[in-house]
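Reviewing the structure listed below.
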Amino acid sequence: MYDVAVIGAGVIGAAVARELTKYDIKVVVLERENDVSCGTTKANSAIVHAGYDAPYGSNKGKFNAWGNRIFGEVCEALNVPFDRTGSLVCAFSEEDLLTLEALKRNGELLEIPNLEIIDQAALRAIEPNISENAIAALYAPTAGITEPWELTIAYIENAMDNGAELKLNFEVKAIENKVNFYTISDGNEQIEAKYVVNAAGVYADQIYRMVCDTPEFTIAPRRGQYYLLDKSAKGHVKTVVFPCPSKAGKGTLVVPTVDGNLLIGPDSEDLDNSQKEATETTLERLDLVKQLANQLIQNIPFRENITTFAGLRAEPSTGDFIIGFSKVAGFYNLAGMKSPGLSSAPAIGVHVAEEIATVLSAQSRVGFEPNRRKRLKFEHLNDIQRQALIKENPAYGRVICRCEMITEGEIVDAIHRNCGGTTLNGIKRRVRPGAGRCQGGFCGPRVMEILARELDVEMESICQEGQASHILIGKTKSL
Amino acid sequence: MAQKELICIVCPLGCHLTVEIDESKEQGIKVFGNKCPRGETYANKELTAPTRMLPTTVKIKNGILNRLPVKTEAPIPKEMIFPCMAVINEVEVEAPVKIGDVVIENILGTGVNIVATRTMTAK
Amino acid sequence: MNYDIVVIGGGPAGLASAIEAHKKGVSSILVIERDRELGGILQQCIHNGFGLHIFREELTGPEYAERFIEALKAMGIEYKLDTMVLEIGEDKCIKAMNEIDGFMSIKAKAIILAMGCRERTRGAIAIPGTRPAGVFSAGTAQRYLNMEGYMVGKRVVILGSGDIGLIMARRMTLEGAKVLAVAELMPYSGGLTRNIVQCLNDFDIPLLLSHTVTEIKGKDRVSSVVVSKVDAHMKPIAGTEVEYECDTLLLSVGLIPENELSKQAGVEIDPRTSGPIVNESMETTVEGIFACGNVVHVHDLVDFVTAESNRAGANAAKYVIESRKKAFSVINTYSNEGITYIVPQYIRFENLEDKFNLFMRVKKVYHNAKMVVKADGVTIKEFKKNHMAPGEMENLVLEKSLLNESIKSLTVEVIKEVV
């Protein structure tokens, strides 16, 4: 019997799981995919909003502001990259200027620090490539960029270091309310838990319906498509650059990534409730993203594109984050975690863990280890450190990914940690081979060899992502 | 009298040849569309006895790679490509192998050997 | 560590340049190769068709490579495998590393860049759809198939009719896969005619000109791809979509010279070739750093790579041995009507041999045309060409005697013959 079962290993579920392990609570995380961080968390803008946007008094407003405040210390403990680049909301008209004023007032109510409306000259000084039509901007210095999947992996890894369990490929098919506890089944395996935390992203409404015939909310998928440009585009913008927000959301933005790429997107496309797997990109929408981005920033080098992708945001029928114990006893909903979900995740984790610890009367865990073992990034070491490292472990002397300068030692480490990578994409999310300009053309076969060797399986059984996503179908001469 | 379309592959020009087949004549065929005499020779051979080089691989045990590249020492009749592949696919050699080593002698009676196209040391 | 010449890359370009430099009298040479063996991409190009110009016989890729590898070894030229160059610093100090030697600083008098190229990816052409397993660049699939012995799929669509795409259509077929079609964005194939005949027609594989892949479907593994016809502006035409059920999409959509290291070394890049700007000696804009092969511009024949690399090697040796005079009269080369680019981008009259080469690509398919070379606007030579295509590099041989010290520019253009 677990104390708490967290359904969903996106950034929200992961944050909750890790914060729960600060207490004497037995936690299991159930994830339907073959790895953590495979839903909305792997396909979003990767930004930490300052928090001026969501209305004062809303859950979004509260948790974004709180999340931003503690983001730095969380990333420090978990060894996750985070850079407070600042953000700019750009105005193109008199009407937009009013929007900036309103955003600033709202932000000040939420105690977002150092908000400032800057004029065209100041805007251009920060972002020389800004559209000539941008006349002013709201500058928020506390906004930043991070790596959502690494944060999620780090949260789960640290939770597991502190005793939590992770069950991958566990797609919740049925939940039974046994009054004092729940049984949760994926059709093969059944687990028992006193409390359930529903952090199932776009599926949160379906999970809730397994225990509640009269749910208060539904979740609709809202698709956003992106371009990711090569590092050669680094510096084209330095901050998170938004247009003015509209009903459809915060708009199509242009943003640097912590790895030095340039990310452009998303659009905003409301999909039917049944389209919760529709993460395909489309020609028309990618064209639209390009067009919108070009209105914001000049001379974006789209020829340096290395990949395009789409993500689904969980759009709640209520309009705000749904956070709290539901009307079904012992069942906690964390639903509708669209933007600013990532920014809010650390605060949501703390809040939920406190609430659950209270009802469980749980004490602090003795010996809780808040820090995740540091991940060595060969590229960031100096020559002397490199020399010493290779001497100590020659696997760090073998470069596997030449685009991102990733060594075999880093890949082996990423396989053998808690919540280690077992797939090509899993390794890419953890240490980035294949995330560069050749997109794994050269390193893919090498990474597969390392995975096969370290996991002691055949090359043919290595998958790209899900359990059925085999890359090789067999040996030649044996078809 | 039958007609056949061919593309000449003797040079990069890639002439589109029209070949008239008239078996009652001694010559057998008449070629149009060729810009040089080599086109006619090509068409003749392509229609009577087309041949192809077959470069492929065989399994290799204990080598630094899992496959050893091989080729037919000379072109083989085109229709023998798949029958030869079937034979080649059954062969497994063992490293070390030297470039030019005969892997299969006189494959399927074609008079052509299958030879290694690289040297491969043992693991 | 100190060497006269360090060659970065042990593929056909690196091998030929090292061997030629050795022949020209430099014995302190190091070749650095990032892969497990020498030979580069030739080791996976197991098909025949290499060496017709250089050896007057038709070799497979590994056979062609082995001749150079043997020559290199016979000369006792040093090489390091599985070794990555991290940086080319000032004073030609190279930082490299591997598992055995660890982290190395290598000082060179001259450097030859021979890193080759990489394949354009799905991302570069932004094919819409899902992101399942089963989408490979053709070269990656070729390596799996020919060297490592793995099948990448059973029902295959290929996008791109360059030679790698065509060759892979045959290879996949020979190994038992079904190749449904080869789609080509352009109205003509980028590959050699004989490859179209021997790799596609022989196996009844359709070549769909002016077509592209407009959607990839499938959650875990590719389940189908949608192929559409494109208009004259290469935009997909609505209503022409045909869906092919398949498990694999191979991409042969272009090669890009790999010049991250060159840029970092301060070498100036020509946006048209994506390779270093070079002179008649294959020297880049950084003195003493030479470049050759696909890192300079993408070749279709390895024989031309060898010829170009011989030049780089010889001139690197000359640079190390002699101290050359600095002042040169520079003649820039310019591509005019119908020409995409010219390599070298400039030549120095005093350094020319009696004959020199200009390599270039044309923008479209031409029949019965001529290439006109002008010096400062005056025609100095014409070449009649029956057939030219963007997929086939043109190599013009010119005589030094046609030029003089005062000439500033050399242009090449295509003029259609009026019949």
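Computed from the coordinates by the stated procedures, all read-outs in this text should not be read as laboratory data. Quick caveat: nothing in here was measured; it's all calculated off a predicted structure. We place every Cβ from the backbone using ideal geometry, glycine too, and count neighbours over all the protein chains shown.
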### Query
Once you put a point 7 Å from the Cα of C:Leu81 and another 7 Å from the Cα of A:Asn133, both along the Cβ direction, what distance in nm separates them?
5.9
### Query
Kirkwood-based Rg over Rh for the range A:356-479 (C-alpha set), two decimals?
1.10
### Summary
Taking a straight Cα-to-Cα line shorter than 24 Å from A:Lys477, and setting aside same-chain lysines fewer than 8 residues away, one finds B:Lys59, B:Lys61, B:Lys71, B:Lys78, B:Lys98, B:Lys123, C:Lys154, C:Lys178
## Note on the structure
FRET efficiency (C:Ile415, B:Lys98; Cβ distance; R0 41 Å; to 0.05) is 0.20
### Query
In vacuo Debye scattering of the range A:205-311, one point per C-alpha: log10 I(q)/I(0) at q = 0.10, 0.11 Å⁻¹?
-0.35, -0.41
### Summary
Inverse of <1/r> over all distinct C-alpha pairs of the range B:55-116, i.e. the Kirkwood Rh in Å, gives 11.6
### Summary
Looking only at lysines whose Cα falls under 21 Å of A:Lys104's and that sit 8 or more positions away or on another chain, we get A:Lys60, A:Lys62, A:Lys247, A:Lys250
### Summary
Candidate cut points under trypsin sites (Lys or Arg not before Pro) in the range C:104-201, DSSP loop plus at most 16 other Cβ atoms within 10 Å of their own Cβ, are C:Lys154
### Message
Where in chain C is the longest stretch that carries no chymotrypsin sites (Phe, Trp or Tyr not before Pro) classed as loop by DSSP and with at most 14 other Cβ atoms within 10 Å?
### Response
C:189-419
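Using Cβ counts within 10 Å as a stand-in for footprinting exposure, how do C:Leu15, C:Leu396, A:Leu103, C:Leu200 rank, fewest first?
Values: C:Leu15 33, C:Leu396 16, A:Leu103 21, C:Leu200 24.
Placing the least packed residue first, the sequence is C:Leu396, A:Leu103, C:Leu200, C:Leu15.
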### Task
For C:Lys263, list the lysines whose Cα falls under 18 Å from its own Cα; do not include residues on the same chain fewer than 8 positions away.
A:Lys231, A:Lys234, C:Lys92, C:Lys95
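If you put +1 on each Lys and Arg Cβ and -1 on each Asp and Glu Cβ, how big is the dipole of the range C:39-179 around its Cα centre, in Debye rounded to 20? Show your work: numbers first, answer last.
Values: 18 positive and 16 negative charges, 130 e Å.
Taking the Cα centre of the range C:39-179 as origin, the dipole is about 620 debye.
What is the antiparallel percent of DSSP beta bridges lying wholly in chain A, to the nearest 5? Numbers along the way, then the final one.
Working: 52 of 70 bridges.
Bridges in chain A that DSSP calls antiparallel: roughly 75 percent.
Return the average number of partner chain Cβ atoms within 10 angstrom of each residue Cβ along peptide A:459-472. List each step's numbers first, then the result.
Details: counts 5, 2, 0, 1, 3, 7, 5, 5, 1, 6, 9, 5, 8, 9.
Going residue by residue through A:459-472 and averaging, the value is 5.
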#### Entry: Footprinting exposure proxy for C:Leu250, C:Leu113 (fewest neighbouring C-beta atoms within 10 Å first)
C:Leu250, C:Leu113
### Task
For each of C:Leu352, A:Leu166, A:Leu98, count neighbouring Cβ atoms within 10 Å of the residue's Cβ, then give the residues from fewest to most.
A:Leu98, C:Leu352, A:Leu166
### Query
Using alpha carbon centroids, what distance separates the range A:73-129 and the range C:106-152, in Å?
40
### Summary
Listed by chain and number, the residues whose amide H is under 5 Å from that of A:Val29, excluding neighbours fewer than 5 places away on the same chain and using placed H, are A:Val6, A:Glu165, A:Leu166, A:Lys167
### Task
Report, in whole Å, the centroid distance computed from the Cα atoms of the range C:186-201 and the range A:251-282.
38
### Message
Tell me which GluC sites (Glu not before Pro) from the range C:226-324 have a DSSP coil assignment and no more than 10 other beta carbons within 10 Å of their own.
### Response
C:Glu322
### Percent breakdown of C-alpha pair distances by 5 Å bin, ordered from the shortest bin, for the range C:140-192
5, 21, 31, 24, 13, 5, 1
### Query
Calculated from DSSP H runs of 4 or more alone, at -39500 (n - 2.57) each and per residue, what is the 222 nm mean residue ellipticity of chain B, nearest 500?
-5500 deg cm²/dmol
### Message
Considering all alpha-carbon pairs of chain B, what whole percent are spaced by more than 18 angstrom?
### Response
60
### Summary
Reduced to Cα centres, the span from the range A:169-198 to the range B:46-82 in Å works out to 58
### Query
Which ³J(HN,Hα) values, rounded to whole Hz and listed in residue order, are derived for the range A:331-337 from phi using the Karplus coefficients 6.51, -1.76 and 1.60 in 6.51 cos²θ - 1.76 cosθ + 1.60 with θ = phi - 60°, glycine and proline given as x?
10, 10, 9, 10, 10, x, 7
### Task
Give the Debye-formula value of log10 I(q)/I(0) at each listed q (0.19, 0.20 Å⁻¹), with one equal scatterer per alpha carbon of the range C:121-253, two decimals each.
-1.03, -1.15
### Query
Simple spin-label model, 7 Å along Cα-to-Cβ: A:Gln385 to B:Cys36 in nm?
6.3
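How many percent of all Cα-Cα pairs in the protein assembly as shown sit more than 46 Å apart? Don't skip to the end; give the middle numbers.
Details: 189242 of 520710 pairs.
Summing the P(r) of the protein assembly as shown above 46 Å gives 36 percent of all pairs.
Determine one quarter of the surface area of the Cα convex hull of the range A:56-178, which equals its mean projected area, and express it in nm² to one decimal. Intermediate values should be presented prior to the final figure.
Details: hull surface 48.0 nm².
Mean projected area for the range A:56-178: 12.0 nm², to one decimal.
With only alpha-carbon pairs counted, each pair once and no self-pairs, how large is the Kirkwood hydrodynamic radius of chain C in angstroms? Mind dumping the intermediate values first?
Working: mean 1/r = 0.0442 Å⁻¹.
Result for chain C stands at 22.6 Å.
So what is the 222 nm mean residue ellipticity for chain A from helices alone, if each DSSP H run of at least 4 adds -39500 (n - 2.57) and you divide by all residues, rounding to the nearest 500 deg cm²/dmol?
Numbers: 12 runs with 147 residues, N = 479.
Taken over chain A, the calculation gives -9500 deg cm²/dmol.
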### Task
At q = 0.06 Å⁻¹, what is the base-10 log of I(q)/I(0) for chain A according to the Debye formula with one equal point scatterer per Cα and no solvent? Please give it to two decimals.
-0.26
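Enter the per residue convex hull volume of the range A:1-66, computed from alpha-carbon coordinates, in Å³ rounded to the nearest integer. Walk me through the numbers on the way to the answer.
Details: hull volume 7.5 nm³, N = 66.
Spelled out: Cα convex hull of the range A:1-66, divided by residues, is 114 Å³.
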